[in-house]
1. Checking the structure you have, find out if any residue of region 90-106 is under 21 Å from PHE24 (Cβ atoms) and surrounded by 15 or more Cβ atoms within 10 Å (Cβ to Cβ).
2. Sort through ARG9, ARG57, ARG18 and tell me the only one that's over 28 Å from ASP106 (Cα atoms), surrounded by 12 or more Cβ atoms within 10 Å (Cβ to Cβ) and among the charged types (D, E, K, R).
3. Determine, yes or no, whether ILE60 is within 24 Å of GLU17 (Cα to Cα) and out of contact with any helix residue (DSSP H, G or I) (no Cβ under 6 Å at 6 or more places or on another chain).
4. Based on what the data block shows, is LEU59 under 19 Å from ILE15 (Cβ atoms) and modelled with pLDDT of 95 or more?
5. For the condition at pLDDT below 95, loosely packed, with under 11 Cβ neighbours inside 10 Å and of a type in the set (S, T, N, Q), what is the one hit in GLN138, GLN74, GLN128?
6. Given the criteria among the aromatic types (Phe, Trp, Tyr), out of contact with any Cys (no Cβ under 9 Å at 6 or more places or on another chain) and either free of Cβ contacts under 8 Å to residues at least 60 places away in the same chain or more than 30 Å from MET125 (Cα to Cα) (or both), does TYR20 qualify?
7. Output yes when any residue across region 83-100 is touching an Asp or Glu at 6+ places or on another chain (Cβ under 6 Å), closer than 24 Å to VAL22 by Cα and not aliphatic (A, V, I, L, M), and no when none is.
Amino acid sequence: MNLTEDQQRFKEECIRERGYWVSFNDGLLAYNPDFLKTYLRYAGTPARTGPLSPRLRELIYVAVDASTTHMFAQGLAIHVRKALQFGCTPIELIEVMQLATMQGLDSVATGIDIIVEESETAGLMPPQLRAPETAEMQPLKRAYVEEFGDWPEWCDRLLLGVAGGAH
């Protein structure tokens with residue numbers, strides 16, 4: 001994409017300040033430079049004025065880009081690279097991604113509840129979700145309670161579905 005001198009200068013300034021440039025910004029810069037400049041100024045404010053270290057900021061960016069609601073592979077690659085440059089270890093990055101993916105667990109819990117409610121309403125409740133607990137489920141349930149301190153109803157439904165062969 002051909003940029004004007006001013007646009008190219010702005011792009012280079014961003015790269016100096018942020019350490020990277022994502023390719024889709026070229027289109028925004030060419031077609032709506034005011035929006036891009038405003039957005040980048042806004043998005044860069046924490047890095048310019050905030051108390052967090054660059055290392056911690058990169059870990060947060062990794063979490064956001066890896067989260068199930070964002071899943072931005074290009075940004076994840078950029079921020080993993082920068083996090084490593086700021087001294088993060090691969091195992092720290094993996095833990096951050098594990099923590100970020102936990103938000104997806106709420107989707108599973110909500111989804112299971114809705115599936116069960118709607119299946120009951122439609123008279124389509126899978127028999128394995130009405131089955132009694134089996135002996136093999138007890139150690140799994142105990143381990144969960146020991147780890148998290150409770151046993152939500154949706155866990156019964158998930159465990160019965162998995163152990164009962166629901167797919």
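1. no
2. Details: ARG9 fails: surrounded by 12 or more Cβ atoms within 10 Å (Cβ to Cβ); ARG57 fails: over 28 Å from ASP106 (Cα atoms).
None of the others qualify; the one that does is ARG18.
3. Numbers: within 24 Å of GLU17 (Cα to Cα): yes; out of contact with any helix residue (DSSP H, G or I) (no Cβ under 6 Å at 6 or more places or on another chain): yes.
In short, yes.
4. Against the criterion (under 19 Å from ILE15 (Cβ atoms) and modelled with pLDDT of 95 or more), LEU59 does not qualify.
5. Among GLN138, GLN74, GLN128, only GLN138 is at pLDDT below 95, loosely packed, with under 11 Cβ neighbours inside 10 Å and of a type in the set (S, T, N, Q).
6. Values: among the aromatic types (Phe, Trp, Tyr): yes; out of contact with any Cys (no Cβ under 9 Å at 6 or more places or on another chain): no; either free of Cβ contacts under 8 Å to residues at least 60 places away in the same chain or more than 30 Å from MET125 (Cα to Cα) (or both): yes.
Here the answer is no, as TYR20 does not meet what is asked.
7. So far as region 83-100 goes, yes, one or more of its residues are touching an Asp or Glu at 6+ places or on another chain (Cβ under 6 Å), closer than 24 Å to VAL22 by Cα and not aliphatic (A, V, I, L, M).
The values are calculated or read from the model by the stated rules, or taken from the named source; none is laboratory data. Bear in mind the structure is a predicted one, so any value in this text is a computation, not a measurement. No Cβ is skipped: glycine too gets one built from the backbone with ideal geometry, and neighbour counts run over all protein chains shown.
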